[in-house]
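The values are calculated or read from the model by the stated rules, or taken from the named source; none is laboratory data. If you're wondering where the values come from, they're calculated on a predicted model, not measured in any experiment. No Cβ is skipped: glycine too gets one built from the backbone with ideal geometry, and neighbour counts run over all protein chains shown.
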Protein chains: 4
Amino acid sequence: MTTDEAQFPKVTVEQINNFIANELRFTSAMGITCEDLGVDYGVVRFRFDERWTRPGGVVAGPVLMALADLAVYVAVFTRLGIVPMAVTSELKTNFLRPAIGDDLLATSRLLKLGRRLAYASVEVVEAKNRDRLIAHATSTYAIPD
Amino acid sequence: MTTDEAQFPKVTVEQINNFIANELRFTSAMGITCEDLGVDYGVVRFRFDERWTRPGGVVAGPVLMALADLAVYVAVFTRLGIVPMAVTSELKTNFLRPAIGDDLLATSRLLKLGRRLAYASVEVVEAKNRDRLIAHATSTYAIPD
Amino acid sequence: MTTDEAQFPKVTVEQINNFIANELRFTSAMGITCEDLGVDYGVVRFRFDERWTRPGGVVAGPVLMALADLAVYVAVFTRLGIVPMAVTSELKTNFLRPAIGDDLLATSRLLKLGRRLAYASVEVVEAKNRDRLIAHATSTYAIPD
Amino acid sequence: MTTDEAQFPKVTVEQINNFIANELRFTSAMGITCEDLGVDYGVVRFRFDERWTRPGGVVAGPVLMALADLAVYVAVFTRLGIVPMAVTSELKTNFLRPAIGDDLLATSRLLKLGRRLAYASVEVVEAKNRDRLIAHATSTYAIPD
């Protein structure tokens, strides 16, 4: 349901993971990596680590937001290649169920890629229970000139 | 512009900072602390650290979202005392200007405290240039029964 | 991807349209009706009428928001029956492409139905070109006690 | 807290109301007019009319969203003059308290005016009880080239 047809992603999982390792220190610090991607979508994983939990033992909200944000960044890269200066314009997250003790996967879906703005939705699920929707996010990225 | 009158906050800056140190490991790890509070508002500070930057040297979006989220948590605590199980229901952040090389302050304002939901807005500014609005967020918290 | 299994919707298209005609005068005035529904989703239609356009001849934003809001209301009703006092807590809409001169369909998908809150996403498309995503919305409803 | 200093608004209340009457038929139909404005803000009024209520006799959500949307449009016009093709990119509304039987006022505040995007927050209150916050909205507008 995107604007035009692109048959192949303009980036690979390996390129994304190198970019994260070299440029996104906070993402690395949180243990987030890219797991899969295709035209208009990206899948990123948070490896559960209790350092990043909040009271109740659940994964902290900012981790889920970081995961969603990265998933959208990746989806944009699948169409434009790695464009580091693409920046988040707005991101809204709804926290639906607590995430306890398991890795998380965030899958983005690019719904619009314009000249100036990109828009995507993201579903965050537990890696071992992919029917359990933990959080849902939507985000607009600004594309540099 | 909130529902009723409360003359004194039900928590102190010291209590919040102890709570952060003991219970919010991710917040501690990011170098975020509470700086001020009063009935219906809280001010939290991110100490600039280039580990938490993204390409361009600007503070990473997830840090701003973590800061906003904590500021709302604190605002809720000023009315209810520390209620660890109050949880974020939704949080939207608009990223307005890049934050480069300086501490950041997030100030929340509680606009509604209901029986079940609290709602607040947050302004994130640079500590040395408080007229420079870096990000603006709004968030709903669910209050436990 | 919702909390539990419900095999049949607790409401029919006819019941929704009677409810709209009798209770939702603004929805009736805008020419919005329910077209289809099933467990956890609803489809509502806006019949194009140039009275509800904005400069450029495109359908006005508030019409799209009204359409999204109603689609979520219907999705909630498919699980709970008609609960008039379920109310919108928050609704965010992203306007992706202009809608010109055609009927619009909004399809909601309930992603969480809790005891107190329901959350859904909505896609708004043109009736004659259903691959053209006009707007995307997400919304939380508060369920009465 | 906006980007630069503009001493005088580039539009008058009368010009806005002529624009509404001539170009925004849905806004006219809802009985919404501009009441006041200044650099970076606008105040718009909804005249209570029970045709636009929902069950419970409260003003319908889409009216509040239309009101917020217009208030932001006006705030943008105070800086750029009337630019009909400025369009809403995203709008999020939180519905905080029911509005019953009174006129409503929405006041916008422009927090960022960039080359491509404008961002504002909006407070909707009852005309006779301006401390009663009915809804709070935030919105991004896209500025045409």
(request) Assess whether B:P98 counts as being more than 7 Å from every other protein chain (Cβ to nearest Cβ) and under 28 Å from C:N94 (Cα atoms). (result) yes
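In this structure, does A:A120 turn out to be outside any helix (DSSP H, G or I) and either on the phi < 0 side of the Ramachandran plot or not basic (K, R) (or both)? Spell out how you get there, then give the answer.
On the way: outside any helix (DSSP H, G or I): yes; either on the phi < 0 side of the Ramachandran plot or not basic (K, R) (or both): yes.
Yes: the conditions hold for A:A120.
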(message) Of everything in region B:38-81, what is in contact with an Asp or Glu (Cβ under 9 Å, 6 or more places away or on another chain) and over 27 Å from A:L70 (Cβ atoms)? Give them in sequence order.
(response) B:V39, B:G42, B:V43, B:A75, B:T78, B:R79
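Out of region C:88-100, which residues are assigned to a strand (DSSP E or B) and at pLDDT 95 or above? Working first, answer last.
The initial filter retains those residues of region C:88-100 that are assigned to a strand (DSSP E or B), namely C:88-95, C:100.
Scanning region C:88-100 gives C:T88, C:S89, C:E90, C:L91, C:K92, C:T93, C:N94, C:F95.
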(request) Spot the failing condition for A:T33; the list is (1) in a strand (DSSP E or B); (2) of a type in the set (S, T, Y); (3) within 29 Å of B:V72 (Cβ to Cβ), and only one is missed. (result) (3)
(request) Taking the residues in region B:101-112 that are more than 8 Å from chain D (Cβ to nearest Cβ) and in a strand (DSSP E or B) as candidates, determine which candidate is surrounded by the fewest Cβ atoms within 10 Å (Cβ to Cβ). (result) B:R109
(request) May I ask you to list pairs of residues, at least six apart or on different chains, whose Cβ atoms are under 9 Å apart, with the first in region D:129-140 being farther than 16 Å from D:R109 by Cα and within 9 Å of chain B (Cβ to nearest Cβ) and the second being of a type in the set (D, E) and in a strand (DSSP E or B)? (result) D:R132/D:E126
(message) Give all pairs with beta carbons closer than 8 Å in which a residue from region C:27-38 that is more than 12 Å from every other protein chain (Cβ to nearest Cβ) and in contact (Cβ under 8 Å) with a residue 60 or more places away in the chain meets a residue that is of a type in the set (K, R) and part of a strand (DSSP E or B); count only pairs at least 6 apart in sequence or on separate chains.
(response) C:E35/C:R45
(request) Return only the number of the condition from (1) buried (at least 17 other Cβ atoms within 10 Å of the Cβ); (2) within 19 Å of A:N94 (Cβ to Cβ); (3) of a type in the set (K, R) that C:R115 does not satisfy. (result) (1)
(request) For C:G81, indicate whether it is farther than 29 Å from D:S28 by Cα and in contact with a Cys (Cβ under 8 Å, 6 or more places away or on another chain). (result) no
(message) Considering only residues that are under 22 Å from B:R25 (Cβ atoms) and surrounded by fewer than 24 Cβ atoms within 10 Å (Cβ to Cβ), which ones fall in region A:43-56?
(response) A:R45, A:R47, A:F48, A:D49, A:E50, A:R51, A:W52, A:T53, A:R54, A:P55, A:G56
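Mind counting the residues in region C:1-50 that are small (G, A, S) and within 20 Å of C:M85 (Cα to Cα)?
Our first condition is that a residue be small (G, A, S); within region C:1-50, this holds for C:6, C:21, C:28-29, C:31, C:38, C:42.
Subsequent filtering for residues that are within 20 Å of C:M85 (Cα to Cα) retains C:21, C:28, C:42.
Looking only at that region, the number is 3.
Taking into account only those residues within region D:57-87 that are in a strand (DSSP E or B) and surrounded by fewer than 24 Cβ atoms within 10 Å (Cβ to Cβ), which is farthest from the other protein chains (Cβ to nearest Cβ)?
The initial filter retains those residues of region D:57-87 that are in a strand (DSSP E or B), namely D:58-59, D:87.
Subsequent filtering for residues that are surrounded by fewer than 24 Cβ atoms within 10 Å (Cβ to Cβ) retains D:58, D:87.
Values: D:V58: 8, D:V87: 7 Å.
Checking each candidate, the answer is D:V58.
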(request) All but one of (1) in contact with a Phe, Trp or Tyr (Cβ under 6 Å, 6 or more places away or on another chain); (2) in contact (Cβ under 8 Å) with a residue 40 or more places away in the chain; (3) at the interface with another protein chain (Cβ under 7 Å from one of its Cβ atoms) hold for B:W52, so report the exception by its number. (result) (2)
(request) Could you list, in sequence order, all residues of region D:113-128 that are closer than 23 Å to B:L110 by Cβ and either at the interface with chain B (Cβ under 10 Å from one of its Cβ atoms) or free of Cβ contacts under 8 Å to residues at least 60 places away in the same chain (or both)? (result) D:Y119, D:A120, D:S121, D:V122, D:E123, D:V125, D:E126
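Answer with yes or no whether A:L24 is within 13 Å of chain B (Cβ to nearest Cβ) and surrounded by 23 or more Cβ atoms within 10 Å (Cβ to Cβ).
Details: within 13 Å of chain B (Cβ to nearest Cβ): yes; surrounded by 23 or more Cβ atoms within 10 Å (Cβ to Cβ): no.
For A:L24, the condition - within 13 Å of chain B (Cβ to nearest Cβ) and surrounded by 23 or more Cβ atoms within 10 Å (Cβ to Cβ) - is not met.
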(request) Could you pull out the residue among B:D36, B:D40 that is buried (at least 18 other Cβ atoms within 10 Å of the Cβ) and at pLDDT 95 or above? (result) B:D40
(message) I'm trying to understand the selection: among the residues of region B:31-64, which are of a type in the set (S, T, N, Q) and touching a helix residue (DSSP H, G or I) at 6+ places or on another chain (Cβ under 6 Å)?
(response) B:T33
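Within region D:46-56, track down each residue that is part of a loop (DSSP other than H, G, I, E, B) and not acidic (D, E). Let's see the steps before the verdict.
At the first step, the residues of region D:46-56 found to be part of a loop (DSSP other than H, G, I, E, B) are D:47-49, D:55-56.
Across region D:46-56, the qualifying residues are D:R47, D:F48, D:P55, D:G56.
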(message) Given the criterion of a type in the set (S, T, Y), within 21 Å of C:D103 (Cα to Cα) and touching a strand residue (DSSP E or B) at 6+ places or on another chain (Cβ under 6 Å), identify the matching residue among C:T33, C:T78, C:T88.
(response) C:T33
(request) Tell me which of these D:V59 doesn't satisfy, since it passes every other one: (1) closer than 23 Å to C:V72 by Cβ; (2) of a type in the set (V, I, T); (3) under 15 Å from the mean Cα position of the chain (by Cα). (result) (3)
